[in-house]
Amino acid sequence: MADPKSAGAHPVKLLLDAGERWWCACGESQSQPFCDGSHRGTPFQPVKFVVDAQKEVYLCMCKQTHKPPYCDGRHKELG
């Protein structure tokens, strides 16, 4: 399987209100870190996640996290 395109070297910190969202897993979205449908024709699918109440999150931009959509620090291991 192909590797996703990195959308950034560091996570993005966001304050999100409660609701459903779709995180871009392919790295091609122009609405990073959220999906805009650019994955069509790739082997990647966006990741649905739900925020129950307003909270601060760190969403992965390198697209290598093992805990999508959240950053797990893997960007520190990339060259």
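Accessible surface computed residue by residue for the chain, with neighbouring protein chains in place and a 1.4 Å probe, gives 63 Å² per residue. Contact order for segment 27-68, expressed relative to its length and based on alpha carbon pairs under 8 Å spaced 6+ residues apart, stands at 38 percent. Taking every alpha-carbon pair under 8 Å whose residues sit at least 6 apart, the chain reaches a relative contact order of 36 percent.
Remark: segment 48-57, residue by residue, has Karplus-estimated 3J(HN,Hα) of 7, 9, 10, 9, 6, 8, 3, 7, 8, 10 Hz, where x stands for each Gly or Pro and the curve is 6.51 cos²θ - 1.76 cosθ + 1.60 at θ = phi - 60°. Loop-resident trypsin sites (Lys or Arg not before Pro) (DSSP state other than H, G, I, E or B) in the chain with no more than 10 further Cβ atoms inside 10 Å of their Cβ: Arg40.
In order along segment 26-32, phi translates into HN-Hα couplings of 8, x, 8, 4, 8, 10, 3 Hz, rounded to whole numbers, per the Karplus curve 6.51 cos²θ - 1.76 cosθ + 1.60 with θ = phi - 60° and x for Gly and Pro. 3J(HN,Hα) couplings calculated from phi for segment 62-74 with the Karplus curve 6.51 cos²θ - 1.76 cosθ + 1.60 (θ = phi - 60°) are, in sequence order, 7, 6, 10, 4, 9, 10, x, x, 8, 5, 10, x, 4 Hz; Gly and Pro show x. Ranked from largest to smallest solvent-accessible area, with a 1.4 Å probe on the protein heavy atoms, Glu28, Glu77 come out as Glu77, Glu28. Maximal additional length on extending the Gln45-Ala18 stretch stands at 7.5 nm, based on 0.36 nm per residue less the C-alpha distance.
Counting only protein heavy atoms, what percent of the accessible surface of segment 8-63 is carbon or sulfur at a 1.4 Å probe? Answer for segment 8-63 is 49 percent, counting heavy atoms of protein chains only.
The values are calculated or read from the model by the stated rules, or taken from the named source; none is laboratory data. From a predicted model like this one, the values you see are computed outputs, not experimental measurements. Please note: Cβ atoms are built from the backbone with ideal geometry, for glycine as well, and neighbour counts cover all protein chains shown. The accessibility values were calculated without ligands, DNA or RNA, using every heavy atom of the protein model including side chains. Shrake-Rupley method; radii C 1.70, N 1.55, O 1.52, S 1.80 Å.
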